[in-house]
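The values are calculated or read from the model by the stated rules, or taken from the named source; none is laboratory data. Note that this is a predicted model, so its numbers are computed, not measured. No Cβ is skipped: glycine too gets one built from the backbone with ideal geometry, and neighbour counts run over all protein chains shown.
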Amino acid sequence: MTIASPSNPHREGDDPAAREKLVALRSALLRLHKSLIDMERRTYEKEFGAVNVGEFFRLVVDHPQFAWLHNISEFVVRIDETLTGEGHVLPADADTAVTLARKMFTPTTEGDGFQQKYFDAIQSDPNVVMEHGELARLFLSDDLPGANGKNP
């Protein structure tokens, strides 16, 4: 029996490609989330001074400057629930997650509040640009012929 861990790329009964896609998406989102949190921390500390780890944790959870990042946390939690749930991971689960991530992580000045903040973050932080590029590569690999059983 395989342990149901969010980072485990294999679990008996799951569609292997779908599970691997969700694990890869989860990893890319966690790296992006960290870059965005680091960016917001630097911005916060420029204005208010350095904070210790406990204070920073409280800020990430409660401060309005970090609130927009909760969307990413919630997205990762939903992926974790899919990866560790009692049901098997199916291609439709991965396809839905990738479709939602594509929509959410389309940086635009005309989009919702998250997309606008994300656009601004990409304009201001090279680390965020790098992580966005990795996420975009994941999306592109999903579009390749043969991905998800799609034929050329």
field: From the options THR99, THR108, residue that is closer than 20 Å to MET130 by Cα and surrounded by fewer than 18 Cβ atoms within 10 Å (Cβ to Cβ)
entry: THR108
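Mind listing whichever residues of the range 103-128 are closer than 16 Å to HIS70 by Cα, aromatic (Phe, Trp, Tyr) and in a helix (DSSP H, G or I)?
Initially, the range 103-128 is screened for residues closer than 16 Å to HIS70 by Cα, giving 104-105, 112-118, 121.
Retained after the next criterion (residues that are aromatic (Phe, Trp, Tyr)): 105, 114, 118.
Within the range 103-128, PHE114, TYR118 meet the criteria.
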- prompt: Of the residues in the range 36-53, how many are in contact with a helix residue (DSSP H, G or I) (Cβ under 8 Å, 6 or more places away or on another chain), part of a helix (DSSP H, G or I) and without any contact (Cβ under 8 Å) to a residue 24 or more places away in the chain?
  reply: 3
task: Tell me, please, whether a residue that is within 27 Å of LEU140 (Cβ to Cβ), in a helix (DSSP H, G or I) and of a type in the set (D, E, K, R) can be found in the range 54-77.
output: yes
message: Quick check on my filter: what residues within the range 1-35 are acidic (Asp, Glu) and in contact (Cβ under 8 Å) with a residue 40 or more places away in the chain?
response: ASP14, ASP15
- request: Please enumerate the residues belonging to the range 71-94 that are loosely packed, with under 14 Cβ neighbours inside 10 Å and within 17 Å of TYR118 (Cα to Cα).
  value: GLU74
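I'm checking my understanding of the structure. Among residues of the range 7-44 that are over 12 Å from the mean Cα position of the chain (by Cα) and hydroxyl-bearing (Ser, Thr, Tyr), which one is surrounded by the fewest Cβ atoms within 10 Å (Cβ to Cβ)?
Of the residues in the range 7-44, the ones over 12 Å from the mean Cα position of the chain (by Cα) are 7-21, 37-44.
Restricting the remaining residues to those that are hydroxyl-bearing (Ser, Thr, Tyr) gives 7, 43-44.
Details: SER7: 10, THR43: 14, TYR44: 18.
Looking at the filtered set, the residue picked out is SER7.
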- line: Result of the Cβ filter at 6 Å on the range 99-126, keeping first residues that are within 19 Å of PHE75 (Cα to Cα) and touching a residue at least 60 places away in the same chain (Cβ under 8 Å) and partners that are of a type in the set (Val, Ile, Thr) and assigned to a helix (DSSP H, G or I), at least 6 apart or interchain, is ALA121/VAL128
message: Considering only residues that are at pLDDT below 95 and of a type in the set (Asp, Glu), which ones fall in the range 1-60?
response: GLU12, ASP14, ASP15, GLU20
